[in-house]
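Engineer: Sharing a structure below in C-alpha cells format, with a few things to ask.
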C-alpha cells in the first residue's frame with residue numbers, strides 16, 4: 001500500500017471545500033445526498049464544516065462495483081433517498097469520480113425527482129478513467145489511475161477506516 005494523500009492533506013482540502021460550499025449556499029437550505037458506503041467519512045467531515053447553510057442529510061446506495069475493483073457499467077440504485085427532493089437544492093457527496101457511470105445516473109435520478117438543482121462534490125477525481133461525459137462541480141483532489149482505499153473507501157469491504165488515502169495496485 002502506498003499513501004497518496006495524508007490525513008493532514010485531506011483535512012486541509014476538506015476545510016477549503018467546506019468554505020467554498022458555505023459561500024455558494026450561504027443563507028439557503030440544502031439537501032446533501034451522501035452516497036453509501038464510500039462517502040460517509042468524507043461527508044461527515046465536510047458537512048460539519050459548512051457554515052450558514054441549513055443542511056438536511058439523506059442517503060443513497062448505488063452499486064456498479066459489487067465485490068470487485070472494476071465498475072460493471074451497470075448502475076443499480078440499492079437505496080433511494082427518503083426525503084422529498086422536488087424544488088430542493090441538492091448536493092451529492094461521493095468519495096470518487098471514476099468512470100462517471102454512477103454519478104451521472106445519480107444526478108439524472110435526482111433531477112428526475114424534481115430537484116431545483118443538483119451539484120456534485122467528490123473527494124477524488126480520476127479523469128483518465130472517465131467513460132461518460134461527466135464532471136463534478138467540486139473536487140477535492142485529482143489523482144492518477146490507482147485503485148484507492150481509506151477515508152471511507154474500500155476494497156471488498158477492507159481498509160475503509162484508514163485515516164489517509166492509499167493506492168493498493
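Engineer: Scan the range 114-136 residue by residue and report those that are part of a strand (DSSP E or B) and more than 19 Å from residue 56 (Cα to Cα). Please lay out each step first, then the result.
Structural biologist: Filtering the range 114-136 for residues part of a strand (DSSP E or B) gives 117-125.
If the condition is that a residue be part of a strand (DSSP E or B) and more than 19 Å from residue 56 (Cα to Cα), then 123, 124, 125 are the ones that fit.
Engineer: For residue 139, state whether it is within 14 Å of the chain's Cα centre (by Cα), without any contact (Cβ under 8 Å) to a residue 40 or more places away in the chain and in a strand (DSSP E or B). Before you say what the answer is, go through the steps one by one.
Structural biologist: On the way: within 14 Å of the chain's Cα centre (by Cα): yes; without any contact (Cβ under 8 Å) to a residue 40 or more places away in the chain: no; in a strand (DSSP E or B): yes.
Answer is no for this residue.
Engineer: Next up: Mind listing just one residue for me: the one in the range 114-126 that is surrounded by 15 or more Cβ atoms within 10 Å (Cβ to Cβ) and more than 11 Å from the chain's Cα centre (by Cα) and, of those, nearest to residue 25 (Cα to Cα)?
Structural biologist: 118
Engineer: Just give me the residues in the range 148-167 being surrounded by 15 or more Cβ atoms within 10 Å (Cβ to Cβ), at pLDDT 95 or above and part of a loop (DSSP other than H, G, I, E, B), in sequence order. Before the answer, list the steps.
Structural biologist: So the first thing to find is which residues in the range 148-167 are surrounded by 15 or more Cβ atoms within 10 Å (Cβ to Cβ), and the list is 148-155, 159-160, 162, 164-167.
Going one step further and asking which of them are at pLDDT 95 or above, we end up with 148-153, 159-160, 162, 164-167.
Once the filter is applied, which keeps residues that are surrounded by 15 or more Cβ atoms within 10 Å (Cβ to Cβ), at pLDDT 95 or above and part of a loop (DSSP other than H, G, I, E, B), the range 148-167 yields 151, 152, 159, 160, 162, 164.
Engineer: Considering only the range 1-113, give the strands (runs of 3 or more DSSP E) lying wholly within it that have at least 3 residues that are more than 15 Å from the chain's Cα centre (by Cα) and in contact (Cβ under 8 Å) with a residue 24 or more places away in the chain. It would help to see each step written out before you state the result.
Structural biologist: Values: elements: 2-5, 29-36, 54-63, 76-79, 89-97.
Ranges flagged: 2-5, 54-63.
The values are calculated or read from the model by the stated rules, or taken from the named source; none is laboratory data. Not measured: the values here are computed from a predicted model. Ideal geometry is used to build each Cβ from the backbone, glycine not excepted, and the neighbour counts take in all protein chains shown.
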